[in-house]
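Scroll down for the structure; my scribbles are underneath it.
No value in this document is a laboratory result; all are computed from the given coordinates. Every value quoted in this text rests on a predicted model; they were computed, and no experiment measured them. Please note: Cβ atoms are built from the backbone with ideal geometry, for glycine as well, and neighbour counts cover all protein chains shown.
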């Protein structure tokens with residue numbers, strides 16, 4: 001199976017201080033054809049106005065990954081963690097048995113643009129946890145850099161799921177291939193720019209769903225930043 005999800009077909013929300021695009025059903029947006037993709041439950045592309053944000057709210061039994069594209073995102077949670085996430089950073093919060101957190105734009109002048117990604121855990125009721133690492137652009141240039149995994153391989157942040165997330169920057173003749181194990185599914189989300197994935201041309205915000213493939217081919221980027229998810233074949 002190969003299915004393209006165009007950027008303009010995503011759910012849209014505009015709350016004034018927050019503009020959001022939902023790749024999967026979320027809040028007031030529901031699409032029975034796009035509830036989740038295996039263990040991948042949410043990709044929200046959020047733009048938050050200066051000085052605004054999400055007040056303290058609860059989560060449980062979800063692996064939440066934040067990926068900042070521009071600006072800064074301040075995080076605080078009930079585990080006592082406080083940090084600022086910037087472009088190049090990958091933050092993971094395991095909600096597990098329950099956690100409260102807030103996310104705010106600390107800048108008085110600049111918006112923050114980021115992706116919030118939710119991944120179903122492989123088991124319920126884990127101890128809540130937090131992790132944040134930075135990956136330099138040079139590590140992602142012309143390759144797919146592993147940034148999230150179930151085992152912390154290659155210095156990636158660790159989630160409670162047999163899932164892998166790669167980040168890559170591609171321009172011109174740069175290309176990469178990713179071997180895919182039998183029975184796995186792959187989700188490609190183009191953060192920005194243009195890119196050809198598996199022979200299909202994608203533009204900013206587009207996604208590609210793949211099952212039954214043994215290798216993913218990425219090439220012909222034009223100022224492209226891409227996230228690739230290698231996911232279990234079963235529903236979670």
ask   = Classify segment 82-175: rounded, prolate or oblate, from the alpha-carbon gyration tensor (a ≥ b ≥ c, eigenvalue square roots; a/c under 1.5 rounded; otherwise prolate if a/b is larger than b/c)?
value = oblate
ask   = Shape of the chain from its Cα gyration tensor (a ≥ b ≥ c, root eigenvalues): rounded if a/c is under 1.5, otherwise prolate when a/b > b/c, or oblate?
value = rounded
remark   = Ordered by fewest other Cβ atoms within 10 Å, a rough proxy for footprinting exposure, 219, 86 read 86, 219
query = Hey, what did segment 99-236 get for relative contact order, percent, Cα under 8 Å, at least 6 apart?
reply = 23
query = Relative contact order (percent) for the chain, with alpha-carbon contacts under 8 angstrom and 6 or more residues of separation?
reply = 19
key: Residue-averaged 222 nm ellipticity for the chain, from DSSP H runs of 4+ at -39500 (n - 2.57), nearest 500   = 0 deg cm²/dmol
inquiry  = Please compute the length gained on full extension between residue 201 and residue 86, using 0.36 nm multiplied by the number of residues separating them and subtracting their Cα-Cα distance.
reply    = 38.5 nm
inquiry  = Give the average over all directions of the projected area of the C-alpha convex hull of segment 129-213, one decimal, in nm².
reply    = 6.2
Distance histogram for segment 56-102 (every C-alpha pair counted, 10 angstrom bins, percent rounded to whole numbers) = 27, 56, 17, 0
